[in-house]
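Shown next, in structure tokens, is the structure this report addresses.
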Amino acid sequence: MINYGIAVHGGAGTIPRSDLTPAREQAYRLGLEDALKRGHAILKEGGSSLDAVEAAVRVLEDCPHFNAGKGSVFNADGQHEMDASIMEGHTLRAGAVAGVNNVRNPVGLARLVMDKSPHVLISGMGAFEFAHQEKVLLEDDQYFFDQFRYDQWMKTKGTDQYQLDHSDGEHKFGTVGAVALDQHGHLAGATSTGGMTNKRFQRIGDSPLIGAGTYANDSTCAISCTGHGESFIRAVAAYDVSALMEYKGLSLQEAVRVVVHDKLPLLDGDGGLIAIDRNGNIVLDFNCSGMYRGQCGSDGVVKSAIFR
Ligand code: ASP
């Protein structure tokens, strides 16, 4: 039997340890651990890594502490515009949605784009129409409301500033993601986010872009990123980890190190990523002070962490 495993993240950022009460820390960890357990149960039963990453990300989308699904940040119009993507490593199939409103689980919609449409990425009203067609669960605006996110938005509302969830001194982070290897040796990755607070012009970050925020290829690794989306897009960060393994023969750990610590900082790319290779090695790395993260391998031991 092959090694299998799953890793998740709930966003990277500068989290002053002093501001994180034990109760809050516990809430974040519980969210991460629930997601890991859900994904791990699927892998243990012989299910696919694709199903495992979707299930894990759904748990994180439903948890209001993370900036994805319920709890997504507010854009400049006071709305929640969400992005998500998913990719399967043995077929290189992928699906993604950008700028969707009112969809309870954007990662599930991304999966449907992959499974039931000829497209990879759909956006805005068109994606909403597709969600209707596929009868996915919709929620009213109130469902996505979170007082913390609202207060965060009030600080930038009416200005030209937009804010990475990370960069807020109040530190409730969040983009979420998962990567997994199943017992059949297949890899998959998924990412979901509400993007940046006060974003305008239908700004889209790295999370729904295959190769930037998410990538999976059975011959190398599966990756989900979190951080300053514009930099991750320019770095083609997720694909670059895979390419360094494929073309340069680097190990997963070394490839992640090069991207996170050598390349991204040159582009102001604060953030991090989670990665798993085809042997089940897991690397969770970041170039800022913390990243909500966790992992669980074939042994079923669930580990989560926030700081270095
Ligand atoms: N990467 C996301 C974006 O730029 C933000 C995040 O990771 O929190 O939309």
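The values are calculated or read from the model by the stated rules, or taken from the named source; none is laboratory data. All values reported here derive from a predicted model rather than from experimental measurement. Virtual Cβ from ideal backbone geometry, glycine too; neighbours counted across all protein chains shown.
A few points about this structure:
- Exclusive hit being away from the ligand (no atom under 16 Å from the Cβ) and either assigned to a helix (DSSP H, G or I) or in contact with a strand residue (DSSP E or B) (Cβ under 7 Å, 6 or more places away or on another chain) (or both), set E246, E230: E246
- Residue match in region 205-215 (condition: modelled with pLDDT of 95 or more and more than 20 Å from V57 (Cβ to Cβ)): no
- Restricting L266, L252 to those that are away from the ligand (no atom under 16 Å from the Cβ) and under 19 Å from A216 (Cα atoms) reduces the list to L252.
- Options K263, K248, K303; residue that is over 15 Å from the mean Cα position of the chain (by Cα) and under 18 Å from Y4 (Cα atoms): K303
- Single condition A56 does not satisfy, out of (1) closer than 19 Å to R104 by Cα; (2) in a loop (DSSP other than H, G, I, E, B): (2)
- Flag for V258 being in contact with an Asp or Glu (Cβ under 9 Å, 6 or more places away or on another chain) and either in a helix (DSSP H, G or I) or within 14 Å of the ligand (Cβ to nearest atom) (or both): yes
- Filter pass, I306 being in contact with a strand residue (DSSP E or B) (Cβ under 8 Å, 6 or more places away or on another chain) and crowded, with 24+ Cβ neighbours inside 10 Å: no
- Of all residues in region 180-205 being within 15 Å of the ligand (Cβ to nearest atom) and of a type in the set (A, V, I, L, M), the one that is nearest to E45 (Cα to Cα): A190
- Once region 16-66 is narrowed to residues that are farther than 14 Å from A305 by Cα and hydroxyl-bearing (S, T, Y), the residue that is modelled with the lowest pLDDT is S18.
- In region 6-15 there is no residue matching the filter, namely being within 17 Å of the chain's Cα centre (by Cα), away from the ligand (no atom under 16 Å from the Cβ), assigned to a helix (DSSP H, G or I) and within 30 Å of T91 (Cα to Cα).
- Selection from region 279-296 of residues that are farther than 16 Å from L32 by Cβ and not in a loop (DSSP other than H, G, I, E, B): V283, D285
- Meets criteria (in contact (Cβ under 8 Å) with a residue 12 or more places away in the chain and of a type in the set (D, E)) for E81: yes
- Condition check for A275: within 16 Å of the ligand (Cβ to nearest atom), without any contact (Cβ under 8 Å) to a residue 60 or more places away in the chain and under 28 Å from N105 (Cβ atoms): no
- For region 13-36, residues that are of a type in the set (K, R) and buried (at least 16 other Cβ atoms within 10 Å of the Cβ) total 1.
- Each residue in region 39-59 was checked for being of a type in the set (K, R) and either within 16 Å of the ligand (Cβ to nearest atom) or within 16 Å of the chain's Cα centre (by Cα) (or both), and 1 of them qualify.
- Unique residue being farther than 18 Å from I274 by Cα and either of a type in the set (A, V, I, L, M) or more than 12 Å from the chain's Cα centre (by Cα) (or both) when the list is L20, L36: L20
- On inspection, D51 passes the criterion of being free of Cβ contacts under 8 Å to residues at least 24 places away in the same chain and at negative phi.
- Every residue from region 206-227 that is away from the ligand (no atom under 11 Å from the Cβ) and either under 22 Å from I306 (Cβ atoms) or part of a loop (DSSP other than H, G, I, E, B) (or both): G211, N217, D218, S219, T220, I223
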